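A short worksheet on the structure shown next.
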Amino acid sequence: MLSVAAVALDSQGRIVFWTPQAEELFGYTAEDALGQNAARLLASPEHLKAAVNMFMEVLETGHSWAGAFPVRRKDGGTRLMEFRTMRLLDDLGDVYALGIVADHSMLQRVETDLALCERLINQSPIGLALLDPELRYLLVNPALERIDGVPAREHIGRPLRETLALPDIDSVESALRQVLATGTPLLDQYHVGRPPTDPDHEHAWSLSFYRLEDPGGRVLGAATSVVDVTERHRAAAEADRARRRLALIADASARVGTSLEVERTAHELAEIATPVLADVVAVDVLDSALALRRSRRPENGPELFRALALKADHPTVALRAADPPGDLAAYEGDRLVTLCVHTGRPVLVPHVGEHDLPRIARNAQAGELLAQAGVHSYLAVPLIAHGEVLGALDLKRTRNPVPFDEDDVVLATELAGRAAVAIDNARWFQSVRNTALTLQRSLLPDHPPHHTGLELASRYQPAQATSEVGGDWYDVIPLSQDRTALVVGDVMGNGIDAAATMGRLRTATCAYADLELPPAAVLQHLDKITCDLEHYIVTCLYAVYDPHQRTCEIANAGHMPPAFVHSGRAPDLLKLPPAAPLGVGGVPFETSTVDLSAGDLLVLYTDGLVETRRHSIDDRLGVLLGFLDEPQRPLEETCDLLLHGLRHPDDHDDVALLVARTL
């Protein structure tokens with residue numbers, strides 16, 4: 001600690017005032033010094049004249065003198081002291097000389113320390129502030145002035161909360177008061193906010209607080225250090241953003257395109273993009289793309305879109321501004337979504353203004369709804385697969401305050417590209433499937449007309465899990481003498497080829513039936529035809545019912561046994577001689593005869609009705625027979641009951657079903 005002494009001399013140079021600090025500096029007690037000539041007591045012989053001249057100049061001219069002067073201590077040693085001298089007058093007009101004295105080396109050390117502290121505070125890149133116990137600024141360094149954008153002079157006397165732009169300022173003040181109360185410092189407290197100098201971007205600071213006390217323990221206030229860690233915060237945020245984007249792309253790879261359905265794929269894309277990428281997401285596909293029509297589009301002409309998916313992260317009127325899924329909407333050439341599909345490039349509007357909404361919305365009313373929803377940023381990305389623009393991914397932000405940027409464009413383009421390939425696959429698959437289904441249904445018979453002695457009902461159902469058509473078929477063929485041929489067959493495989501093969505075999509079956517051949521002979525001829533086809537195996541059941549003889553002749557080519565309900569008996573499976581499927585070649589077929597009574601029930605079906613991957617075939621056949629416990633049930637209800645009770649959404653095979661009751 002710096003010790004400062006005061007010494008007073010009268011006009012004769014005698015010491016008349018001597019403080020305890022003077023005794024500490026010079027070694028002389030007050031009894032030793034008072035009344036003594038100061039020059040002779042304190043100056044060495046070689047410095048005596050200079051001391052007298054300095055004393056006389058102060059007394060005669062009244063000019064103060066400041067500087068360093070060597071002083072002789074009581075112990076005989078000499079020490080350089082720092083003096084500040086001045087002339088004094090009392091009420092009687094007597095003249096005195098007052099000297100304020102401090103150890104020169106100690107004073108230099110204090111001055112150096114003060115200068116160093118001042119430089120440290122002023123040149124420090126860390127924001128520093130001293131606060132009084134009421135949390136008002138006492139001192140602010142230039143770094144803090146730059147950090148919070150408020151001049152240093154405007155800090156002084158103001159409360160902390162008026163300059164520190166933090167959303168959690170209440171918690172900061174609470175923490176500071178806790179530090180003042182307990183003396184326990186808080187270090188490296190992380191806070192994020194938007195300073196007045198840069199309100200559009202987040203900044204981050206590391207704050208530390210500690211209590212200030214004087215040597216006696218009295219609380220003077222608190223010191224605060226503020227370190228700007230914005231770059232680190234932004235780097236961490238960008239790294240986290242990159243991780244989330246990679247996770248989103250990985251998630252999209254697993255969740256988008258799980259089926260060969262255009263609508264479902266579009267819905268999956270909308271789900272994955274909400275809310276990570278946008279608050280409101282729409283997926284619109286060109287109607288010409290869905291119809292597989294490639295047409296040259298005029299650069300400025302309108303486009304017809306079909307809305308496939310619409311998703312919002314929260315309830316919003318923006319949903320009412322969008323086209324409902326399934327609807328067709330025409331967008332003029334000046335609309336941004338039309339521009340997107342015409343150019344095949346993303347359209348980005350970071351900050352949506354009033355002049356932008358008419359180009360985003362389909363009409364003026366929709367524009368008002370988007371404004372009401374708070375749409376402030378917009379992005380449209382084309383759906384491109386194999387060089388063809390299929391439609392657009394439409395993204396809007398309402399709650400998320402951050403506008404779309406180029407990184408969002410890259411991410412949205414990646415998601416749209418993956419989804420576009422899945423949509424392209426789905427639209428082509430659906431086209432092929434629709435063609436095959438149309439072909440197959442055209443080859444199946446219409447609802448059977450009335451046949452003598454028989455009541456009939458039938459069903460055909462494509463595979464539910466794969467949405468593919470197959471080669472299953474049934475037929476009812478009128479013959480001479482009131483007889484009726486009942487046919488059920490299954491071409492193994494799916495798609496157009498299987499449906500086409502089924503059509504050829506059905507035509508051949510009708511032709512051979514007209515020849516009045518026995519069932520075994522018909523199968524023999526069908527076997528020869530099947531052998532000429534490439535790699536096809538077909539199962540078939542051919543039966544001829546004679547209402548006059550009340551008999552049914554049946555031949556089986558590797559097919560599932562028909563279910564038979566004889567009046568008054570429990571349902572059972574007909575026991576038919578085993579035989580190979582059609583297409584094996586050279587295998588004989590046998591005809592079995594079954595006697596029927598009025599009211600008997602005969603159920604012919606393909607294996608898709610009973611076969612599953614989860615159950616044994618015997619168990620499933622038992623379930624089938626269980627549904628036939630009421631033979632008098634209407635046949636249409638019987639068909640629906642069997643399909644509903646035996647079919648599952650995961651079934652991968654189609655079904656042909658033919659039910660006959662004797663009259």
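A short reminder: the numbers here are calculations on the coordinates, not readings from a lab. This is a predicted model, so every value here is computed, not measured. Cβ atoms come from the backbone with ideal geometry, glycine included; neighbour counts cover every protein chain shown.
Worth a mention:
- Every helix of 4 or more DSSP H residues in the chain counts as -39500 (n - 2.57), and over all residues that averages to -11000 deg cm²/dmol at 222 nm.
- Extending 7 Å from Cα along the Cβ direction at Thr78 and again at Ile249 yields two label points whose distance is 8.2 nm.
- Order of Asp405, Asp497 - criterion: other Cβ atoms within 10 Å of each residue's Cβ, fewest first: Asp405, Asp497
- For Leu479, the residues whose modelled amide H falls within less than 5 Å of its own, excluding neighbours fewer than 5 places apart on the same chain, are Thr484, Ala485.
- Cβ crowding within 10 Å averaged over residues, with 138-147, 15-24 ranked highest first: 138-147, 15-24
- Dipole magnitude (debye, nearest 20) for the range 382-424, charges at Cβ of Lys, Arg, Asp, Glu: 240
- Residues with amide H under 5 Å from that of Tyr28, placed H, sequence gap 5 or more: Lys74
- Distance (nanometres) between label positions extended 7 Å along Cα→Cβ at Gln461 and His314: 4.4
- Packing, as the average of other Cβ atoms within 10 Å across residues, places the peptides 272-285, 219-232, 169-182 in the order 272-285, 219-232, 169-182, highest first.
- DSSP H segments from the chain that extend 15 Å or more along their own axis, Cα-based, with Kyte-Doolittle mean of -1.0 or above: 45-61, 104-123, 169-182, 230-255, 262-273, 406-443, 496-514, 519-532, 635-646
- Partners for Lys49 among lysines (Cα-Cα distance below 29 Å; same-chain residues under 8 apart left out): Lys74
- For the pair Ala152 and Asp32, a Förster radius of 60 Å applied to the C-beta separation gives a FRET efficiency near 0.75, rounded to the nearest 0.05.
- From the coordinates shown, percent of Cα pairs over 40 Å apart corresponds to which of [x] 40; [y] 49; [z] 64: [z]
- Charged-residue dipole, Cβ positions (Lys, Arg, Asp, Glu), the range 444-662 about Cα centre, Debye nearest 20: 220
- Difference of contour (0.36 nm per residue) and Cα-Cα distance, Arg399 to Leu625: 75.5 nm
- Our estimate of slack between Arg613 and Val219, defined as 0.36 nm per intervening residue step minus the Cα-Cα distance, is 133.8 nm.
- Whole-angstrom gap from the range 238-314 to the range 539-614, using each part's C-alpha centre: 51
- Length gained when the stretch Leu139-Ala68 is fully extended (0.36 nm per residue, less Cα-Cα span): 22.3 nm
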